[in-house]
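The values are calculated or read from the model by the stated rules, or taken from the named source; none is laboratory data. Here the structure is a predicted model, which means the values were calculated and not measured. Every residue, glycine among them, receives a Cβ derived from its backbone with ideal geometry; neighbour counts consider all protein chains shown.
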Amino acid sequence: MVNEFAFKPCDNKNFCEACVEGKQTRSSFKSREGISTKSPLELVHSDVCGKMGVASLSGREYVLTFVDDKTRYTWTYMIRKKSEVFEKFKEWKAMAEKSMGASLKTLRTDNGGEYVSTEFEQYLRSEGIRHEYTIPKTPEQNGVAERLNRTLGEKVRCMLSDSGLPKVFWAETFATATYLHNRSPTKPLGGVTPFQAWTGLKPTVGHLRRFGCSAYVHIPKDERGKLDMKSRKCILLGYGTNVKGYRLYDQLNKRVLYSRDVKFDESSRGYCVQKQNSNLKTGENQVTFESGTPDDNNEMSEVEAPRRSTRERRQTEFYGERASVAGEVFDEPSTYSEAVSSSSRKEWQAAMQKEMKSIYDNDVWDLVELPAGRKLVGSKWVFKVKRDADGNMERCKARLVARGFTQKYGVDYDETFSPVIRFESFRALVALAVKHGLQLHQMDVTTAFLHGVLEEDVYMKQPEGFERSGEEHMVCKLKKSLYGLSLHVVGILHLIRNSKRLASGKPMLIHACT
């Protein structure tokens, strides 16, 4: 009896379906020897590395890389989220093409959503750039970018370990690792550095110092007294790309700065681990350093020293030092066009939208035709970065102001008044609150100037960037005051709203609005 289920040898000796289904492995990848591209920007590899798991000083969690195939020159951008890839790509493309005088021809990436969006694809087609994808789950096809991520990642781990810096400094370390990588001999280029291959110039390395070492920055004469020290201790984080100087971290003031007048102690680490000790007597926090102890030979040890503020007092940096907060520079634009074309345009646009919402909510003006013989007051956007006591950025603020210097006394205004409270009035208010057992609260009125009603007729030009479509020729007839106007403004100060209740001695709330 023949067993019909017995294994039968394959009739086709060239192909066996069962063997393929049971034994198939992935096809091998042949390593490419040498560089096949003929000119820079003919092929560029790109990838996103992250999420890092630890936010950087400025809140970044990803690294976007670009590698030119011909020169192997590398660019890295620290980003908060992958949706920023498209904007960073356009920024990089403009810079690279201007620098090389050539156009990008091919971009090779994986199939990440940040690269295959409709917006990204339409832009590449409009620029005539060929987009090469990798097969899903096949990172080997983008081997140049993937290998770069591994190389830079290994450098970063080693540099952090040697310097003793915490992981929060990974972005600064990544930038320095990229800087050094571009100035190191590369095997695919036959020992030539990517910097030389890209620029045609041999890189100088005499300025390189040990990453994370102690760096003493010179303090200009006008920023110190006769007996003050002439330098302050910082940490070397890297090298400037847009400025000629060292990138340093001031641990005491928690800020990043650039300077060229630096002395290095490469035998010591610049970073000191800080501990927070609770002061049980005062309830305040004291900072101590593991690397040092307080001076016991204090001449004031037997006399109780007067209490002084522990807040660090420092003057504004001048003469060549460009300071950035938490590793990120936020320039304050002087015009609307600068704001919408800067790298921080999203923050400034959001600030302007918030200001316009306040204006619309308070019904500040009506759009009318400019009457004959009346003068038009200009308008201007003023931008400011609001920072906390340590210099860290809190938010971007935009204000629409009127060019009040063009007004004439007796025509556009009658008097000028500053709505501020006198100290005597405030002391009396506090005394009343204490005497009658009242609760005193202070609050801030957002856009307080918009609460002042105008008696004069003032016509202002529509704010730049927010002209009403189809009515660009019309002007704003102000019903309420704006910053910059020379007008009588009614101050807002609600003191005691119920005198009968105060006379009876019953507790009540006093609101002081400033």
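Could we say that E424 is modelled with pLDDT of 55 or more, assigned to a strand (DSSP E or B) and assigned by TED's automatic domain parsing to the domain that holds A350 here? Answer is no for this residue.
Screening R210 on (1) in a loop (DSSP other than H, G, I, E, B); (2) crowded, with 17+ Cβ neighbours inside 10 Å; (3) without any contact (Cβ under 8 Å) to a residue 12 or more places away in the chain shows it passes everything except condition (3). Within the set L237, L180, L227, the sole residue that is more than 17 Å from F264 (Cβ to Cβ), out of contact with any His (no Cβ under 9 Å at 6 or more places or on another chain) and either assigned by TED's automatic domain parsing to the domain that holds E266 or free of Cβ contacts under 8 Å to residues at least 40 places away in the same chain (or both) turns out to be L227. Being under 25 Å from the mean Cα position of the chain (by Cα) and surrounded by fewer than 13 Cβ atoms within 10 Å (Cβ to Cβ) is not true of P136. Within segment 154-189, being within 24 Å of the chain's Cα centre (by Cα) and either more than 19 Å from T74 (Cα to Cα) or aromatic (F, W, Y) (or both) holds for L160, L165, P166, K167, V168, F169, W170, F174, Y179.
Inspect all residues belonging to segment 166-177 and state whether any of them is at pLDDT below 95 and over 17 Å from G238 (Cβ atoms). Scanning segment 166-177 turns up no residue that is at pLDDT below 95 and over 17 Å from G238 (Cβ atoms).
When segment 42-81 is filtered for residues that are closer than 18 Å to V156 by Cβ, among the β-branched types (V, I, T) and touching a strand residue (DSSP E or B) at 6+ places or on another chain (Cβ under 8 Å), the ones remaining, listed by number, are V48, V63, T65, V67, T74, T76, I79. Filtered by the rule that a residue be modelled with pLDDT of 85 or more and exposed (fewer than 11 other Cβ atoms within 10 Å of the Cβ), segment 235-282 gives K263, S267. A search for C-beta distances below 7 Å between a residue of segment 338-363 that is under 19 Å from E91 (Cα atoms) and any residue that is aliphatic (A, V, I, L, M) and not in a helix (DSSP H, G or I), counting only pairs 6+ apart in sequence or on different chains, returns W348/A398.
Considering each of E154, E172 in turn, give the residue that is loosely packed, with under 13 Cβ neighbours inside 10 Å and part of a helix (DSSP H, G or I). Working first, answer last.
On the way: E172 fails: loosely packed, with under 13 Cβ neighbours inside 10 Å.
Within the list E154, E172, the selection yields E154.
Applying the selection to segment 454-479, what residues are among the polar types (S, T, N, Q) and in contact (Cβ under 8 Å) with a residue 24 or more places away in the chain? Correct list: Q462 only.
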